[in-house]
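The values are calculated or read from the model by the stated rules, or taken from the named source; none is laboratory data. Just so it is clear, the model here is predicted, and its values are computed rather than measured. Please note: Cβ atoms are built from the backbone with ideal geometry, for glycine as well, and neighbour counts cover all protein chains shown. Note: accessible area is taken over every heavy atom of the protein model, side chains too, but ligands, DNA and RNA are not part of it. Shrake-Rupley method; radii C 1.70, N 1.55, O 1.52, S 1.80 Å.
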Amino acid sequence: MTYAQWLPIIFIGLMGLAVLIYAILDGYDLGVGILLPMQSRDEAQRDTMIASIGPFWDANETWLVLAVGILLIAFPEAHSMILMHLYIPAALMLIGLIMRGVAFDFRAKAAVDLKLTWDRTFKAGSLLTTLTQGYMLGQYVMGFDSHWNALLFSCLSALGVTAAYSYVGAAWLVMKTEGELQRRAVRWARRAGRATFLGVVAVSMVNPLVNPGVFDRWFTYPLVMFVLLIPTVCFAIFVFNDRLLKRMPKENDRHCRVPFFLTVAIFMLCFSGLAFSFFPEIVPGKLDIWEAASATESLTFILVGAVIVVPLIIAYTALAYRVFLGKATALKYH
C-alpha cells in the first residue's frame with residue numbers, strides 16, 4: 001500500500017482508539033452518575049460517589065472531543081453524513097453533558113436544601129447522555145435506517161449502552177469505595193452486568209442479519225474459526241466476573257480492582273467486534289475510509305499535530321490516575 005493509502009488507516013485507528021478510551025473512561029463516570037441513589041439519607045454516599053470521579057470526569061471527555069475532531073478534519077464527508085442523520089440525538093447528548101457539568105459545580109455552591117436537586121440534574125444529564133449515545137450507536141449499526149424496526153433496535157441499543165456504562169461505573173465503585181457503598185456497588189454491578197450481557201447478545205444477533213457483509217465476514221470458513229473467539233471469550237468474562245462479584249467484597253479488599261478491569265476487557269472485545277464488522281467502512285454500506293478521507297497533504301499536516309497531542313493526552317491521563325490511585329475519600333471543595 002502507498003503512503004496515501006496508509007494515512008486514512010492511521011487516522012481511523014486514532015479515532016477508534018479515542019472512541020474506545022472515551023467509552024471506558026467517560027463510560028464509568030457516566031455510569032456513576034446514573035447509579036446515584038436519590039434518597040435524602042444517601043447524601044453521604046452520593047458525595048463519595050462524586051468524589052470517586054471528581055479528579056477525572058472532565059478530562060475523560062477530552063477523548064470524545066478528540067474523536068469528533070479527527071472525524072471532522074480527517075473524514076469530513078463522513079462527518080457531514082453522520083451528523084445529518086444524528087443531529088437531534090447529538091444535540092440532546094450535548095445538553096446532557098452540559099447538565100452534568102453545571103450540576104457538578106453547582107451542587108457544591110447551592111443551598112443545602114437544593115443540593116439534592118442538583119444531584120438529580122447530574123443523574124438526569126448522565127442518563128440523557130448515555131441513552132443518546134446508545135441510540136446513535138444503534139442507528140449507526142442499522143445504517144441510519146428510519147423504519148420502525150431500525151428505530152426499535154436503536155432504542156434497544158440505547159438501553160444496552162446505558163446498562164454497559166452502569167456496569168463499568170459500578171465496577172469502578174467496587175474498586176474505589178469501601179463499606180456499605182461498596183456492597184451496594186457489587187449488587188449494582190451484578191445486575192448491570194446481566195443486562196449488559198443481554199444487550200451484547202441482541203446486538204450480536206441483529207448486526208449480521210441486517211448487514212449481509214457483516215454476516216459474510218463473521219461466518220466465512222476458515223475465518224469463522226478465529227473471529228468467533230471474540231464472543232466466546234466475552235461470554236467467559238461475563239460469567240467469571242459475575243461469579244467473582246458474588247463473593248465480594250473479600251477480606252482485606254482483595255481483588256477489588258479485578259471486576260473493573262474485566263469489564264474493560266469486555267468493552268475492548270465488543271469494540272473489536274464492531275471494528276471487525278465494519279472496517280474499512282466508516283459509514284456502513286455507503287462510504288469507506290479512503291472515499292471519505294481528506295487530501296493527503298492535509299492528513300500529513302494533521303498527523304504531525306496528532307503525533308504530538310495524542311501522547312500528551314495519554315501522559316496526563318495516566319498521571320492523573322496515578323496520583324489519585326487509592327480509595328475515594330470524603331468529598332471536599334476548595
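ILE308: out of contact with any Lys or Arg (no Cβ under 6 Å at 6 or more places or on another chain), at pLDDT 85 or above and open to solvent by less than 90 Å² (accessible area, probe 1.4 Å), yes or no?
no
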Subject >> Odd one out for LEU319, checked against (1) at pLDDT below 85; (2) surrounded by fewer than 16 Cβ atoms within 10 Å (Cβ to Cβ) >> reply: (1)
**OP:** Report yes if some residue within region 11-31 is open to solvent by less than 20 Å² (accessible area, probe 1.4 Å), on the phi < 0 side of the Ramachandran plot and either free of Cβ contacts under 8 Å to residues at least 12 places away in the same chain or outside any helix (DSSP H, G or I) (or both); otherwise report no.
**Re:** no
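Do we have SER294 as assigned to a helix (DSSP H, G or I) and touching a Phe, Trp or Tyr at 6+ places or on another chain (Cβ under 8 Å) here? Working first, answer last.
Values: assigned to a helix (DSSP H, G or I): no; touching a Phe, Trp or Tyr at 6+ places or on another chain (Cβ under 8 Å): yes.
So SER294 does not fit the description; no.
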Subject >> Enumeration of residues in region 269-287 that are at negative phi and open to solvent by 40 Å² or more (accessible area, probe 1.4 Å) >> reply: CYS270, PHE271, SER272, LEU274, ALA275, PHE276, PHE279, GLU281, LYS286
**OP:** Among the residues of region 177-211, count how many are more than 30 Å from LEU287 (Cβ to Cβ), open to solvent by 40 Å² or more (accessible area, probe 1.4 Å) and without any contact (Cβ under 8 Å) to a residue 24 or more places away in the chain.
**Re:** 2
Subject >> Sole residue being of a type in the set (Phe, Trp, Tyr), under 22 Å from the mean Cα position of the chain (by Cα) and under 22 Å from ALA306 (Cα atoms), chosen from PHE75, PHE104, PHE122 >> reply: PHE75
**OP:** Look at region 32-49 and say how many of its residues are open to solvent by less than 30 Å² (accessible area, probe 1.4 Å) and either within 20 Å of LEU319 (Cα to Cα) or among the basic types (Lys, Arg) (or both).
**Re:** 1
